[in-house]
Amino acid sequence: MSGPPTLTPSRARALAAAGFALAALAGWCAWRVNLDRACVVQDTPYLSLCGAPARGSEGAIAALRARLDSNPGDANAYVELALAQRSAPAVAAASQVAPMQPSVLMLQAVAALEKEDWTHAIAPLVQLVEHRDTPQAALVLARLIAGGQGALMSPYLKPGTHWLPRVLAQLPQARANISVALPLIVQALQAGILEPDAIRSYTRQLKAAGSWADAYSLWLALQGRSLPILFNAGFDNPFQPDGFDWEIPAAGSAGRAGAIVERKGAEERGAVLDIRFTGRPIALPMARQPLFIGEGRWRLKGDYLARQFRAEQGLAWVVQCTASAAPAGRSEPLGDTGGAWRAFQFDFTVTPACGMAAVLQLETFAAQEAVLGARGRVAFDAFSLEKLGR
């Protein structure tokens, strides 16, 4: 005689998700159900809402059966009977004549969830989210994704559908990280269901949550190709937000900025990273790029130009760990060059304590110089990153 099924972690997650799902669906029509029950026993201050007879009473069921006897094609009567009886035969009959009726879809989902039949629960829930934008159904699907059932939703990701973004929007309420939906998101991107702006938004969420591997996977899917660790190293292309490209944190505040940072054209250089210092306090970092980088020894090279640049110790590129406060390395001070391009380089080491990602960022070499400000112009170009060894 076989014992009970083993409660594996994935099954435990699924059961927990189903429990939350049933609770969410139970509240879907709770007010109407409770009113119907009160109407049956005539115990409610809202008797004027009850009608005669109340749904679920013997009289109501008899009246519905009489309607069906006289008109076997009365779809509304089938739906009302299914809601009144909540029995499998009644729900099956209503599903035949009114398969897309919201109440019928809800009853189908509840019945399947009670049996832990995720596949048959997902189908009506997707229909409710797609065609009715029902938030309760979206929350149930989000909880099922959090419970490890996302793969069962893959067949419903078809071009032109809209249900997935609505479900993903419910993940915070389901107390789940966007990571749990990563396979669905990548599939939706490839099918043209999700726009690049949506993918960047999800990438930003993953980075903020410290899910660097998932964030980088989504970034690669968005780019559609393998990429160097240092992206857009020559500043040749416009910066893409919310990914693993260059970021200008203080962009948009030029009127009060101590450092105005832009991607600009330069003679014989194409585009460069251009910084104009105004003498006001400088917001740090001036520019940065997240790096999904492995352990080991690395070397960063680049060119820079500084013209009439007045700062006590100059600037520095810093590789900041994401899992610890200590930097992995920093350049020597970069000062005025008299308007000539010069090469610079520095080595740094990424250790396990650094985390799965680091951030390459431009700072003042001394922290107090950010408060004091600087004047002049500095530009950077032709960066490269190479691994030296373990």
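Please state which of the following conditions residue 237 fails to meet, knowing it meets all the rest: (1) surrounded by fewer than 18 Cβ atoms within 10 Å (Cβ to Cβ); (2) out of contact with any helix residue (DSSP H, G or I) (no Cβ under 8 Å at 6 or more places or on another chain); (3) touching a residue at least 40 places away in the same chain (Cβ under 8 Å).
For residue 237, the exception is condition (3).
Can you name every residue in the stretch 170-180 that is more than 8 Å from the chain's Cα centre (by Cα) and part of a helix (DSSP H, G or I)?
Answer for the stretch 170-180, where residues must be more than 8 Å from the chain's Cα centre (by Cα) and part of a helix (DSSP H, G or I): just 180.
Matching residues to (1) outside any strand (DSSP E or B); (2) basic (Lys, Arg):
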{"residue": "206", "(1), (2)": "yes, no"}
{"residue": "215", "(1), (2)": "yes, no"}
{"residue": "230", "(1), (2)": "yes, no"}
{"residue": "236", "(1), (2)": "yes, no"}
{"residue": "257", "(1), (2)": "yes, no"}
{"residue": "261", "(1), (2)": "no, no"}
{"residue": "264", "(1), (2)": "no, yes"}
{"residue": "271", "(1), (2)": "no, no"}
{"residue": "281", "(1), (2)": "yes, no"}
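Residues to consider are 233, 215, 198; find the one that is among the small types (Gly, Ala, Ser), within 17 Å of the chain's Cα centre (by Cα) and within 30 Å of residue 379 (Cβ to Cβ).
Selected residue: 215, the only one of 233, 215, 198 that is among the small types (Gly, Ala, Ser), within 17 Å of the chain's Cα centre (by Cα) and within 30 Å of residue 379 (Cβ to Cβ).
So for the stretch 113-123 (the condition being in a helix (DSSP H, G or I), under 20 Å from the mean Cα position of the chain (by Cα) and buried (at least 16 other Cβ atoms within 10 Å of the Cβ)), does at least one residue qualify?
So the first thing to find is which residues in the stretch 113-123 are in a helix (DSSP H, G or I), and the list is 113-114, 118-123.
Still in the running and under 20 Å from the mean Cα position of the chain (by Cα): none.
No.
For the condition of a type in the set (Asp, Glu), in contact (Cβ under 8 Å) with a residue 40 or more places away in the chain, over 15 Å from residue 275 (Cα atoms) and touching a strand residue (DSSP E or B) at 6+ places or on another chain (Cβ under 9 Å), what is the one hit in 347, 381, 336? If you could, list the steps in order and put the result at the bottom.
Numbers: 381 fails: over 15 Å from residue 275 (Cα atoms); 336 fails: over 15 Å from residue 275 (Cα atoms).
347 is the lone residue from the list that is of a type in the set (Asp, Glu), in contact (Cβ under 8 Å) with a residue 40 or more places away in the chain, over 15 Å from residue 275 (Cα atoms) and touching a strand residue (DSSP E or B) at 6+ places or on another chain (Cβ under 9 Å).
For residues in the stretch 298-324 being among the aliphatic types (A, V, I, L, M) and within 17 Å of residue 362 (Cβ to Cβ), which is nearest to the chain's Cα centre (by Cα)?
319
Spot the failing condition for residue 193; the list is (1) over 19 Å from residue 209 (Cβ atoms); (2) in a loop (DSSP other than H, G, I, E, B); (3) of a type outside the set (Lys, Arg); (4) at pLDDT below 95, and only one is missed.
(4)
Matching residues to (1) touching a Lys or Arg at 6+ places or on another chain (Cβ under 9 Å); (2) free of Cβ contacts under 8 Å to residues at least 12 places away in the same chain:
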| position | (1), (2) |
| --- | --- |
| 220 | no, yes |
| 249 | yes, no |
| 256 | yes, no |
| 267 | no, yes |
| 276 | yes, no |
| 289 | no, no |
| 304 | yes, no |
| 316 | yes, no |
| 321 | no, no |
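Return only the number of the condition from (1) more than 23 Å from residue 364 (Cα to Cα); (2) under 27 Å from the mean Cα position of the chain (by Cα) that residue 269 does not satisfy.
Every condition holds for residue 269 apart from (2).
May I ask you to list pairs of residues, at least six apart or on different chains, whose Cβ atoms are under 6 Å apart, with the first in the stretch 166-184 being in contact (Cβ under 8 Å) with a residue 40 or more places away in the chain and the second being part of a helix (DSSP H, G or I)?
These pairs meet every condition: 174/142; 174/143; 174/146.
Going through 266, 215, 191, 221 one at a time, which residue ends up being on the phi < 0 side of the Ramachandran plot and in contact with a Ser or Thr (Cβ under 7 Å, 6 or more places away or on another chain)?
215
Would you point out the residue of the stretch 190-217, among those that are free of Cβ contacts under 8 Å to residues at least 40 places away in the same chain, surrounded by fewer than 20 Cβ atoms within 10 Å (Cβ to Cβ) and hydrophobic (A, V, I, L, M, F, W, C), that is farthest from residue 143 (Cα to Cα)?
191
For the structure I just gave you, tell me whether residue 224 is over 22 Å from residue 317 (Cα atoms) and in contact (Cβ under 8 Å) with a residue 60 or more places away in the chain.
Considered against the rule, which asks whether it is over 22 Å from residue 317 (Cα atoms) and in contact (Cβ under 8 Å) with a residue 60 or more places away in the chain, residue 224 comes out as no.
The values are calculated or read from the model by the stated rules, or taken from the named source; none is laboratory data. Just so it is clear, the structure is predicted and the values come from calculations on it, not from any experiment. Heads up, the Cβs are rebuilt from the backbone with ideal geometry, glycines too, and the neighbour counts pull from every protein chain shown.
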